[in-house]
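A short worksheet on the structure shown next.
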Amino acid sequence: MANRKAVEALNLLLQDLMENQLLFGGKTVVLGGDFRQTIPIVRRGSREEIVDACLVYSSIWLLIRKIHLTQNMRAMEDPVFTDLLLRVGEGIEPNVRVDYINLPEDMCLSYHGSDSPLDTLVNEIFPSFDAYSSGSSSLINTAILTPNNECMGEINESLIGKFPGNMVEYVSTDYANDPSQQQYYQDYMNAISVGSLPPHVLKLKVNCPVMLLRNLNPLEGLCNGTRLIVRDLGRHVIGAVIAVGTHSAICCFIKGQNIKFNKILNSTASC
């Protein structure tokens with residue numbers, strides 16, 4: 001969900017370009033989203049700041065025509081889960097404590113302390129990685145959702161270690177422009193972890209899933225968010241096949257040039 005200030009800026013820009021005071025300059029603009037599921041992200045913002053960033057608090061909200069969707073297409077085959085989502089979203093699900101609810105037992109995993117909680121979760125979601133050793137794209141349809149990148153890194157590290165095959169590591173470029181400053185900035189550059197980039201050391205195995213983080217060739221299906229299955233791991237080239245979509249089963253090769261591979265690819269065994 002976009003911050004309301006971004007939508008307001010677009011409105012002012014179109015009004016300026018079209019030289020009128022109509023909403024969005026008279027142009028048709030379609031906005032989509034669900035405030036019950038996704039709200040604007042305000043870095044280190046308080047609850048009040050996040051709520052204030054919502055479009056409903058904008059001066060143009062009353063001028064926007066609202067069209068409501070009534071059927072959950074993603075969960076239409078699971079009516080029980082659909083009803084739970086609606087109750088939570090509408091705020092009518094009984095609270096255990098403030099902002100806490102009880103999850104149904106079939107959505108929870110039993111933990112007895114024999115293994116770590118992470119191993120218990122991984123073994124339940126991915127019971128046998130040997131089934132994916134032939135490169136089955138069914139792994140793409142299974143996921144572990146994480147609240148932040150730190151959790152994602154820990155889960156990815158565990159999953160890629162359990163995945164069959166030999167591991168290949170790709171390390172990002174971490175050289176300072178001034179060699180005399182290398183000792184001061186190398187550790188810092190290696191520790192940088194942001195949402196749009198994978199970690200400093202990217203670990204991959206043949207037949208594991210990956211996701212593109214750049215628009216390399218949109219016409220051929222290689223754009224940000226494209227999911228692929230790795231087929232070959234070379235020193236400077238990664239061979240992969242597109243897993244889903246209109247370009248599925250198409251083979252491609254991704255070559256590293258001035259940047260390392262982990263600036264382009266991200267291990268997605270857990271996301």
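The values are calculated or read from the model by the stated rules, or taken from the named source; none is laboratory data. Just so it is clear, the structure is predicted and the values come from calculations on it, not from any experiment. Neighbour counts are summed over all protein chains in view; Cβ atoms, including those assigned to glycine, are modelled from backbone coordinates with ideal geometry.
Quick rundown of the values:
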| item | result |
| --- | --- |
| Only listed residue being surrounded by 12 or more Cβ atoms within 10 Å (Cβ to Cβ) and within 28 Å of the chain's Cα centre (by Cα), chosen from 91, 33 | 33 |
| Leading residue by the ranking (nearest to residue 7 (Cα to Cα)) among those in the range 58-80 that are touching a residue at least 40 places away in the same chain (Cβ under 8 Å) and of a type in the set (Val, Ile, Thr) | 60 |
| Qualifying residue in the range 253-262 (condition: modelled with pLDDT under 85, basic (Lys, Arg), in a loop (DSSP other than H, G, I, E, B) and more than 27 Å from residue 151 (Cα to Cα)) | no |
| Some residue of the range 41-60 being β-branched (Val, Ile, Thr), assigned to a loop (DSSP other than H, G, I, E, B) and within 25 Å of the chain's Cα centre (by Cα) | yes |
| Matching entry among 194, 230, 201, 206 (being of a type in the set (Val, Ile, Thr) and either more than 21 Å from the chain's Cα centre (by Cα) or not assigned by TED's automatic domain parsing to the domain that holds residue 247 (or both)) | 206 |
| Qualifying position, being more than 30 Å from residue 70 (Cβ to Cβ) and among the aliphatic types (A, V, I, L, M), among 152, 107 | 152 |
| The range 1-48 - residue that is modelled with pLDDT under 90 and of a type in the set (Val, Ile, Thr) and, of those, farthest from residue 66 (Cα to Cα) | 42 |
| Residue within the range 108-116 that is farther than 30 Å from residue 163 by Cβ and either modelled with pLDDT of 85 or more or out of contact with any Ser or Thr (no Cβ under 9 Å at 6 or more places or on another chain) (or both) present | no |
| Residue match in the range 107-130 (condition: under 27 Å from residue 33 (Cβ atoms) and not assigned by TED's automatic domain parsing to the domain that holds residue 233) | yes |
| Residue list for the range 196-213, restricted to those being surrounded by 15 or more Cβ atoms within 10 Å (Cβ to Cβ) and not hydrophobic (A, V, I, L, M, F, W, C) | 198, 199, 200, 203, 205, 207, 209 |
| Top-ranked residue of the range 108-120 - restricted to ones that are in a helix (DSSP H, G or I) and either touching a residue at least 24 places away in the same chain (Cβ under 8 Å) or over 25 Å from the mean Cα position of the chain (by Cα) (or both), ranked as surrounded by the most Cβ atoms within 10 Å (Cβ to Cβ) | 118 |
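Let's see how each residue does on (1) surrounded by 14 or more Cβ atoms within 10 Å (Cβ to Cβ); (2) assigned to a strand (DSSP E or B); (3) at pLDDT below 80; (4) among the basic types (Lys, Arg):
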| position | (1), (2), (3), (4) |
| --- | --- |
| 140 | yes, no, yes, no |
| 144 | yes, no, no, no |
| 147 | no, no, yes, no |
| 155 | yes, no, no, no |
| 170 | yes, yes, no, no |
| 175 | no, no, yes, no |
